[in-house]
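Shown next, in structure tokens, is the structure this report addresses.
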Amino acid sequence: MLYAELSSWWPVFSPPEAYAERAALFAKILKKACNPKLVLELGCGGGSVAWHLKKHFTMHLADISVEMLREAARLNPDCEQFQADMRDVRLNRVYDAVFLNDAVMYMKTEEDLRKTMARAYAHLRPGGAALFVPDATEETFLERTEQGGGELDGREGRYVAWFRDPDPTDGVYEVDFAILLCEGDGHVRCVHDHHECGVFPRSSWLRWLTEAGFRAEKIAHHSEMFLGRRG
Ligand SMILES: C[S@@+](CC[C@H](N)C(=O)[O-])C[C@H]1O[C@@H](n2cnc3c(N)ncnc32)[C@H](O)[C@@H]1O
């Protein structure tokens, strides 16, 4: 729902400003890894991170949701867009770098994550690199709540996100969003959205990347990031 009927609210909840610091870090890591010119982002969402990254690289943006791509295009009309599922994307061209941020955790199974790694590899030139930034690994996942919100063009929204892991053995965690939306007419409506995400141990990330053909490493940082280099 968040990435379909509610997609036009993305700039209210997650505008580019919210990603400035993270995007600067991603740009630094990508430059150090392979100094890319052309970068493909898989799962670009509303294009908020890409809005920063395009100052450093030519960005091509892909997402499974046409509605989110519409938002990404509004923000980044200068970037090429593709509707594609990261598990079977085939764009018929190669990139200097592939970037997967807070979308890759929607890969709920080993099979889906391995397919995604293979597609990232296939889209890289030799010497290129893929940066994977899952929201969490098994080592870092925490049950918690987060809240946020914003205001844009007379529309206002607030949310609480409840991160839970009802079955710690199944490699899946759940996020329930309670979202309050006000169109500016004073009336507030409430929407519930349920998400399911995959969470895997660091050792599995590194092994599956290696088996996909990458030279894999975990980036030393307090958040979880994995770099795969194509030799
Ligand atoms: C949290 S949003 C990404 C927001 C993005 N970082 C930004 O800058 O706006 C997650 C995105 O992952 C996308 N997504 C989920 N599963 C996907 C898949 N299998 N292939 C491609 N995109 C996917 C969703 O459609 C959604 O747009």
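The values are calculated or read from the model by the stated rules, or taken from the named source; none is laboratory data. Fair warning: this is a prediction, and the values are worked out from it, not measured in the lab. Cβ placement follows ideal geometry from the backbone for every residue including glycine, while neighbour counts extend to all protein chains displayed.
Scanning segment 157-181 for residues that are in a strand (DSSP E or B) and in contact with a Gly (Cβ under 7 Å, 6 or more places away or on another chain) gives Gly157, Arg158, Tyr159, Val172, Ile179, Leu180, Leu181. Cβ-Cβ distances below 9 Å connect the following pairs, each with a first residue in segment 79-92 that is closer than 15 Å to Ala122 by Cα, a second residue that is among the acidic types (Asp, Glu) and surrounded by 15 or more Cβ atoms within 10 Å (Cβ to Cβ), and a separation of six or more residues or different chains: Ala84/Asp63; Met86/Asp63; Met86/Asp112; Arg87/Asp112. All of Arg144, Arg119, Arg93 fail the test of being basic (Lys, Arg), buried (at least 18 other Cβ atoms within 10 Å of the Cβ) and more than 11 Å from Gly198 (Cα to Cα), apart from Arg119. For segment 69-90, the set of residues classified as of a type in the set (S, T, N, Q) and loosely packed, with under 15 Cβ neighbours inside 10 Å consists of Gln83 only. Is at least one residue of segment 176-195 assigned by TED's automatic domain parsing to the domain that holds Arg22, over 22 Å from Asp112 (Cβ atoms) and of a type outside the set (Phe, Trp, Tyr)? No, because not a single residue in segment 176-195 is assigned by TED's automatic domain parsing to the domain that holds Arg22, over 22 Å from Asp112 (Cβ atoms) and of a type outside the set (Phe, Trp, Tyr). Looking across segment 46-68 at every residue that is among the hydrophobic types (A, V, I, L, M, F, W, C) and under 13 Å from the mean Cα position of the chain (by Cα), the one that is farthest from the ligand (Cβ to nearest atom) is identified as Leu61. For segment 155-176, the tally of residues that are out of contact with any Phe, Trp or Tyr (no Cβ under 8 Å at 6 or more places or on another chain), surrounded by 14 or more Cβ atoms within 10 Å (Cβ to Cβ) and under 11 Å from Glu138 (Cα atoms) stands at 1.
One line per residue, one yes/no per condition, for (1) outside any strand (DSSP E or B); (2) within 21 Å of Ala220 (Cα to Cα); (3) away from the ligand (no atom under 13 Å from the Cβ):
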{"position": "Lys28", "(1), (2), (3)": "yes, yes, yes"}
{"position": "Lys32", "(1), (2), (3)": "yes, yes, yes"}
{"position": "Cys44", "(1), (2), (3)": "yes, no, no"}
{"position": "Arg74", "(1), (2), (3)": "yes, no, no"}
{"position": "Asp96", "(1), (2), (3)": "no, no, yes"}
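Against the test of being in contact with a strand residue (DSSP E or B) (Cβ under 9 Å, 6 or more places away or on another chain) and of a type in the set (D, E, K, R), the options Arg74, Arg144, Arg90 yield a single qualifying residue, Arg144.
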